[in-house]
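Undergrad: So that we are looking at the same thing, I have put the structure below in structure tokens.
The values are calculated or read from the model by the stated rules, or taken from the named source; none is laboratory data. Model, not experiment: these values are computed from the prediction. Methodologically, a virtual Cβ is constructed for each residue, glycine included, from the backbone with ideal geometry; neighbour enumeration extends over all protein chains shown. Accessible surface areas use protein heavy atoms only, side chains included; no ligands, DNA or RNA. Shrake-Rupley method; radii C 1.70, N 1.55, O 1.52, S 1.80 Å.
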Amino acid sequence: MTVPMDYLYASRDFRRFLGSVKGRAMLATNNQSYAVTRAVLHVFRSHLALRDVLVFAEILPPLLRVTFLEGLGAEHKPIAFPDRQTLLEEVKAVREPHNIAPDSAIDDVAEILRAEIGEATLRRVLGRMPQDAQAYWLAS
């Protein structure tokens, strides 16, 4: 069986993604863009049912998928989506000493993610999820 191209170029594509987030969010390093991306993904995940977490993970490139699923346990219990400002506060609170997420963090990562996986694919998957899940990625 041939190794999927997504796997062969996973590191290169992940670095490109982080570089795009770094540029859009006006961050200084890829470490900062990783912290922001991870926080945005984990906050989204915390508000999804486990089934929706797994469905969403399937459309992510390999290293974003791993980042999204990192630390997920079988005991995962979603919490209701709050308002946008509270979501941003949650993003900023993830690993607070190492996370300098700007106020635009969710929108920044969302724009790069839409470009990476395609608007149609994202809308197709989110269309089967609660409205709040759609708003998280499509609000910007």
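Undergrad: Please arrange 121, 67 by accessible surface area, largest first, computed with a 1.4 Å probe and ligands excluded.
TA: Reading off the accessible areas and sorting them downward yields 121, 67.
Undergrad: Now for a separate question. Can you give me the % of accessible surface on segment 92-140 that is carbon or sulfur? Probe 1.4 Å, all protein chains present, nothing else counted.
TA: Percent of accessible area from carbon and sulfur atoms in segment 92-140: 49.
Undergrad: Of the chymotrypsin sites (Phe, Trp or Tyr not before Pro) in segment 1-71, which ones lie in a loop per DSSP and count no more than 15 other C-beta atoms within 10 Å?
TA: 9
Undergrad: Report the net charge of residues surrounding residue 12, where surrounding means a beta-carbon distance below 15 angstrom and charges are Lys +1, Arg +1, Asp -1, Glu -1.
TA: Computed value for this residue: -1.
Undergrad: Tell me, how many Å apart are the Cα centres for segment 49-82 and for segment 118-140?
TA: After rounding, the separation between the Cα centres reads 14 Å.
Undergrad: So if each residue of separation counts as 0.36 nm, and I subtract the Cα-Cα distance between residue 86 and residue 104, what length gain in nm does that give?
TA: 5.2 nm is the gain from fully extending residue 86 to residue 104.
Undergrad: Can you pull the accessible area of residue 89 for me, 1.4 Å probe, Å² to the nearest 10?
TA: Surface accessible to solvent at residue 89 totals approximately 100 Å².
Undergrad: Using θ = phi - 60° and the Karplus relation 6.51 cos²θ - 1.76 cosθ + 1.60, list the HN-Hα couplings for segment 125-135 in order, rounded to whole Hz, with x at every Gly or Pro.
TA: In residue order, the calculated couplings are 6, 5, x, 9, 10, x, 3, 5, 5, 5, 5 Hz.
Undergrad: Note down the magnitude of the dipole of the chain about its Cα centre, charges +1 on Lys and Arg C-beta and -1 on Asp and Glu C-beta and zero elsewhere, to the nearest 20 debye.
TA: Roughly 300 debye, rounded to the nearest 20.
Undergrad: Separate question: If I histogram all Cα-Cα distances within the chain using bins 10 Å wide from 0, what percent of pairs lands in each bin?
TA: 12, 45, 36, 7, 0
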